[in-house]
Every structure is written in structure tokens, then in C-alpha cells.
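These notes concern the structure reproduced below.
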Amino acid sequence: MAWKLKEPQKATAIEAASDELITTVSNIILDVEKRGDAAVRDYSIKFDGVDRKSYRLSDSEIQTAIDSLTDQERHDIEFASAQVAGFARLQKESMHEIEVETLLGVVLGHKHVPIENVGCYVPGGKYPMLASAHMSVLTAKVASCDRVITCAPPFKGEAARLIVATQALNGADEIYMFGGVQGVAAMALGTEMIKPTDMIVGPGNAFVAEAKRQLFGRVGIDLFAGPTETLIVVDETVDAEICATDLLGQAEHSYNSPCVMVTNSEKLGRETLTEIDRLLEVLPSAAIARESWRDYGEIIICDSHEEMKGVADFIASEHVQLMTSKDDYFMENMKNFGAFFVGPRTNVAYGDKVIGTNYTLPTNKAARYTGGLWVGKFLKTCTYQRVLTDEASARVGSYASRLCLMEGFPGHAEQANVRMRRFGGKNVPYAQPAPVSEDVWYDQMVGLFAGRARLSGLVEIVQRLNWQRTVIWGDDRCAFPIRFTRCAGMLQAQNWTGRVRLAV
């Protein structure tokens, strides 16, 4: 049975927004909506200490930031950018649009439509989080969003040159130097200076997260992000130095970053505790990491890999590092995780900064129901339908008429009935159910074979029924209508792709 070698001093890092924070955020949003640029300027002076006529960076300011990069800085930024863009493109290519004739004369499909206007929040008041510009701006650009704008708070009173340069190199269309609630509200709602966006993405502090929560619905968002989390699932195939380093590497994010170790080795757990104490004496960010580890750090000892899996699924962490002799077992069986980092050769920092997967991931147990930010978040999957023949319209209309009236919608039923009269030659009384089709067997076959079916099974069933009928045969991805006809000892199958003859 699992037990805790090291317990957190605080029960959870999931902090509900206080009434005061909620009210403060709401008031700022309302003020920006009412006063626009003037409100943004007032809050930028108050919170960031920056007073400008325009908070949109000029082309010359952006170019100055790019020119300030050393050759190595630019090379490193562009390398990371290439990894993120490359993986995002592969993900986009995996999203197939479809169009299929599911019934004779009925075509269904879906297409992926990029969101037009995206606002990317890039945190930078405490650390210049240039990686966030890769994960948001670049991914939206790969998705082919028409307009991608960004805002980031100033860093030490000035435009954060590394963030600005990265935003620009990744293709941001507009770059603004403000942050906080006023930045999120300005991008979401628009001001005299800023055209509103349709979606807001990017991490931030509690105020930014609450602003996104309150604006959700008026605009789309990527996800609700809380304090960053890490979980290492380990056994004695790794050592305490690796474990301690990976825990503290994430603990330095903030005073409330949960860092959890799950292992089946009490020995490794105790060695990791000792190693953490040693590293905290030399780590430059130890002040933050020590507080985070003290208050939210855990080491959980389990009896087996199977129990470790159950504990890890319950935690549902943002980052899950797997360093065990059974990594594939965890990959195949775990259900709740933001992202996997598999094996001792990789780690969360690789994912956060350079390797190519997106680092905007679900926290606060949200991994139970969502993944993280990816190119698909910037694409709307929209369906469409076409009915190509009168017969198909009448056939579908017969069902639609009766189903609408089952739900008590005569107006809906008339949408079907008028087409039954016009395209099917059926004199259906107004707001009354359409008669049952005479070709009921066809519709039963459609239901039976709309999924995957063995052609041999179809042949057998068609033989028992009638040679001149149309049925549905499908493969793994879509359904195909096929007309079978008995002809000179052969069963002929025909669809729009051609004709196939089968001996029977």
C-alpha cells in the first residue's frame, strides 16, 4: 500500500481565486471595456511603471530587439523555433479532412478552419519566458491563423528584448508591451488601438488565469493554467542525483509548484531527500525552490509498478517523467497526464524550451479531461453535408420528419416534409409524420454496414436478400456505398471508384 516518505506542508497547490482577486480582475476587465486605451495606460503605469503614448512596439523597436541578439542567442532561438514548428506541422498533417458518401446521394465531411484572430499572452515580468512565444505564436502561425498578436509585460522597465525578438522571429503580426489583466482584456475585447481577437492563449499568474476564466465564452482560451507541476515516476534504474535535479528544476518556477516523486524504492526515496538537501545549498534559485519543495514536495512509496501507475493517474500531473524498467507499461496504461518525458535521457526542461512538443499543458488535475495546447487548438473542425439526389433527400427526409415529431418539433418536421413533397413526390400532410419508406431493408443494411465489414459477409447477406440492392461497406476510416448486382454467375459490386466482380 502506498505511503508518503515526504508529505507536503500544504495540502494542495490548487488555490481557488479569492473574492478580492475575482473582484479586482472583474473591475479591470470592465474598465478596459469601458475606457479602452486610457484604462490600459493607467494600469500599465500603475502595475508596470511604463508610460507610453502607444504600447504597440514600432517596427524600429522590434528590429532593435532582433539586432541586439548575439549570433549564438539567435541561433539557439531559431533552433528551438524550428523544433516547435516542425512538430506542429506534423501534428497538423495528421488532422485529415474527410468527405464521404455515407448513403447514396448523401455526402458528409469535415474541414479544419483556422481561427482568424489569436492573442498570445507571453509572461515575462519575473522571467523573460521567450519559450512561450514559440509555443503560442509559432503554433498559431503553423495553423495558418490570419492574425496573431502578442503582449508581454516589460522586463525591468523595458521591452523584454529576448521575448520581443522571439515573438517577431516567429511571425507575430502585432507586439504590445503590457501585461497582466489589462493585457488579456485589451486583446480579448479590443480598444481603440487593438482590434479584438477570437482566442486568448498562454500562461500567466493568478490574475491572468482569472482574467482568462472570466473572459471565456466571449473569446476562446487554450486552457485554465495553474502553478506548474511535475511528477517523476521512478525506480532503481535511475539514481538520486537525477531525481533530485529534476524535482528542483521545476520547483524553482514558483513558491507553489508541486513536485512529486512516485517510486517503489524506499532506498531511492531517502537518497533523493539527501540529494535535494545538498543541491539546495548550491542552486542559485534555492530560495524559491526550497519553499516550493518544503510546502508542496512529496515522495510516495509504492509496492509495485502497478500501484505506481494508479497513484500517478490519480495525481494527473502536468509533466510526468518516466524513468523505470517498465516505461512502456506506463505509456500504454496511464490515462491522466499532460505530457510524458520518457527515459532518463530527456526531461521537462527539454520540453519547456527546445525539443518541439508544446509546453502549455493542463494543471490542477485537468489532465483527466484535456490535453495541452497544440496546433489543433487553433483549428475549428467544422462539418458539412450535401444531398445530391432527389431520392436521397426524400429517403433522409422520411426519417427526419418522424424523428422531429417524436421530439415535439412540427416546424422541424416541415423542413423534411416540404422536401418529401418536392423531391420525393409524397403528399405528406402538413406537420404530420412522413410515411415509412417501402425500401426498409435498404436502411437496415445501411445501419448494419456503416462501419467496418468483411466483404465476404456482405456477399453472403446480399445473396440471401436480393441481387439488386445497395448496401454500405466501410474500411477503418469511412463508409462506401456499393451497389451489388447478380450477373452471369458473378456478383458485381460498383461504387464511384470503379467496378469489382466477385465469384459466388
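Only one residue of Tyr55, Leu103, Leu138 has its Cα farthest out toward the positive end of the dipole of the chain, where Lys and Arg carry +1 and Asp and Glu -1 on Cβ, and that residue is Leu103. Farthest towards the positive end of the charge dipole of segment 1-136, among the residues Ala39, Tyr127, Met1, is the Cα of Met1, using unit charges on the Cβ of Lys, Arg, Asp and Glu.
If you rank Ile355, Ile163 by fewest surrounding Cβ atoms within 10 Å, what's the result?
With the sparsest Cβ surroundings first, the list reads Ile355, Ile163.
Over 24 Å apart at the Cα level, from the set Lys46/Lys365; Lys92/Lys353; Lys6/Lys309; Lys126/Lys309; Lys267/Lys335, are Lys46/Lys365; Lys126/Lys309; Lys267/Lys335. Can you bin segment 19-221 into rounded, prolate or oblate? Criterion: square roots of the alpha carbon gyration tensor eigenvalues sorted a ≥ b ≥ c, rounded for a/c under 1.5, prolate for a/b above b/c, oblate for the rest. The shape class here is oblate. Counting other Cβ atoms within 10 Å as a rough exposure proxy, the listed residues His96, His134, His253, His75 run His96, His75, His253, His134 from fewest neighbours to most.
If you wrap the chain's Cα atoms in a convex hull and average its projection over all directions, what's the area in nm²? Intermediate results must be reported in sequence, preceding the final value.
On the way: hull surface 129.1 nm².
Averaged projected area of the chain's Cα convex hull equals 32.3 nm².
Counting every other Cβ atom within 10 Å of each residue's Cβ, Lys380, Lys10, Lys141 order from fewest to most as Lys10, Lys380, Lys141. In the chain, the DSSP-assigned H stretches of four residues or longer account for a calculated mean residue ellipticity at 222 nm of -12500 deg cm²/dmol, using -39500 (n - 2.57) per stretch and the full residue count as denominator.
Each reported figure results from applying straightforward, stated rules to the coordinates on display, with no laboratory input. Only a predicted model underlies this, so the values are computations on that prediction, with no experimental measurement involved. Backbone-built Cβ (ideal geometry, glycine too); neighbour counts: all protein chains shown.
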